[in-house]
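Nothing in this text is a laboratory measurement; each read-out follows from the coordinates by a stated rule. Here the structure is a predicted model, which is why all the values come from computation and not from measurement. All Cβ positions, glycine included, derive from the backbone under ideal geometry; neighbour counts span all protein chains shown.
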Amino acid sequence: MSSMSSSFRKVGILGGGQLGTFFTIAAKRLGLQVSAWDNHPEAPARLWADRFSNADFNDEQACENFIEENEAISFEWENIPVALLKKIEAKRPVRPGSEVLCLLQNRILEKGFLVLHQFPVSPYRQILEQVDLRDAANELGFPLICKTATAGYDGLGQFTLTKTADIALWTATPKRCPQGWILEKYVPFQKELSVVVARNEQGQVIHYPVTENIHEAGILRSCQVPANIDPMLSLKAVDLSKKIVSALKGVGVFCIEFFLLEDGTLLVNEIAPRPHNSGHYSLDACDFSQYELQVRVLCGLPLLSPTLLNPAIMINILGSEITALRQPEYFHQLLSIPGAKVYDYRKETIKKRRKMGHVTLIAKDSAALCSRANALRAILDRAALE
Ligand code: ADP
Ligand code: MG
């Protein structure tokens, strides 16, 4: 056995949503035991993990138990308390580590890091007090987007400002955030792209292909892979992503989100220190998924470059769409689409815009993929009328 090999057989995942669930399934398939910890009693990983802890992330006893049960730990989202990660890290390997999490869970620190390393970002200002917004808005010019520095996801905590009058609107109802806000120039992007990369302890970096993403009201709706862009741009996005994760010295799976402008400029939007919704397709369209890669990096197992076996389109099932799709009529229709891989996360509480499931479509060529995507959209449209 080489010194690089690990013998971890028990791994823990902080957060048991769909990303933590796919990590759990990937680890269990490799024969590992998995403990998942989530503060939500309905977290889908409860259905899959060997052990599921439903406790607050500040619960000291739960933390002791989690350390006891696991040999190495990862997480599924960036809003896990850094203090918890530090406590675990004192006793067990945590990948990525608390320093990287601390940087990436605060948009101001994240943008500061990108600027320091000369990665291209949209112009922005840090807002510490509400009254600062007016001056910053005048400096940057409209349109703008104001985001809470911490705790935002799926477009939550964001406010778009298109004119001076919107400043008063935001000031009257700011999304509260003790760490302040970031005010960014709104980017008139041509496309949104993302690249999932993984980096191991030895500094080896591998990547998935560039994905093209469509958001609706700040939440990811669909992805297409490979992205329909100039191959030179793909190379550039991959190169930037690898450089970013190397500059971070991050160990784990990361996703870099980009805005592609009309003139071919790429701007970095944000960095997720974990597998990403836009990489769900890798479960079905690649030789191994981003979740297996998360397990491999965590456990110091071989890091191979993934291969995309088929082009794919992934569509998220949001909110009440799942109600209709759970009915036999629609469920049968969905499963009648060739190449459709259907995932229902079995979340019981249905909330508007909540990610409830997804469907990945795969096909040998883009014409077949397109017609399958149209069939899926037609079913979603009919289900929406229910
Ligand atoms: P989240 O953590 O919620 O994913 P993002 O910063 O990625 O936060 O914002 C969500 C979405 O909102 C983006 O994918 C994009 O569609 C839109 N958005 C965010 N920032 C900007 C911006 N500066 N210009 C244009 N659109 C933006
Ligand atoms: Mg995002």
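Worth a mention:
- Segment R326-E68, extension gain: residue separation times 0.36 nm, minus the distance between their alpha carbons: 89.0 nm
- Shown is the FRET efficiency for Q118 and S6, computed with R0 = 45 Å from the Cβ-Cβ distance and rounded to the nearest 0.05: 0.80.
- For region 14-77, the relative contact order comes to 38 percent (Cα pairs under 8 Å, sequence separation of at least 6).
- Local electrostatic count, H207, Cβ distance below 11 Å [Lys/Arg +1, Asp/Glu -1]: +1
- Ranking G31, P44, V11 by how far each Cα lies toward the positive end of the dipole of region 1-50 (charges on Cβ) leaves G31 at the top.
- Nitroxide proxy distance, nm - points 7 Å out along Cα→Cβ at E386 and Q61: 4.1
- Helices of the chain meeting both criteria, an alpha-carbon length of 24 angstrom or more along the long axis and an average Kyte-Doolittle score not below -1.0, with helices taken as full DSSP H segments, are 231-248, 366-384.
- Per DSSP, loop trypsin sites (Lys or Arg not before Pro) in region 207-256 with at most 10 further Cβ within 10 Å: none
- Helical contribution to [θ] at 222 nm, DSSP H n ≥ 4, -39,500 (n - 2.57), averaged over the chain, rounded to 500: -9500 deg cm²/dmol
- Net lengthening on full extension, T162/K364 (0.36 nm per residue, minus Cα-Cα): 68.4 nm
- Sequence of H207, H117 once ranked by neighbouring C-beta atoms within 10 Å, starting from the fewest: H117, H207
- For region 93-140, pairs of C-alpha atoms spaced more than 14 angstrom apart make up 61 percent of the total.
- Rounded to whole numbers, the Karplus 3J(HN,Hα) couplings from phi for region 350-358 are 9, 10, 4, 6, 5, 6, 9, x, 7 Hz, using 6.51 cos²θ - 1.76 cosθ + 1.60 with θ = phi - 60°, and x at Gly and Pro.
- Where Rh is the Kirkwood radius over Cα pairs, Rg/Rh for region 26-175: 1.08
- Extent of region 253-366 along its three principal axes (Cα atoms, max minus min coordinate, largest first): 41, 35, 33 Å.
- Counting all C-alpha pairs of the chain, share separated by more than 37 Å (%): 20
- Over the chain, relative contact order from alpha-carbon pairs under 8 Å, at least 6 apart, %: 14
- Residue pairs exceeding 19 angstrom between C-alpha atoms, taken from K111/K249; K242/K355; K147/K175; K191/K236: K242/K355.
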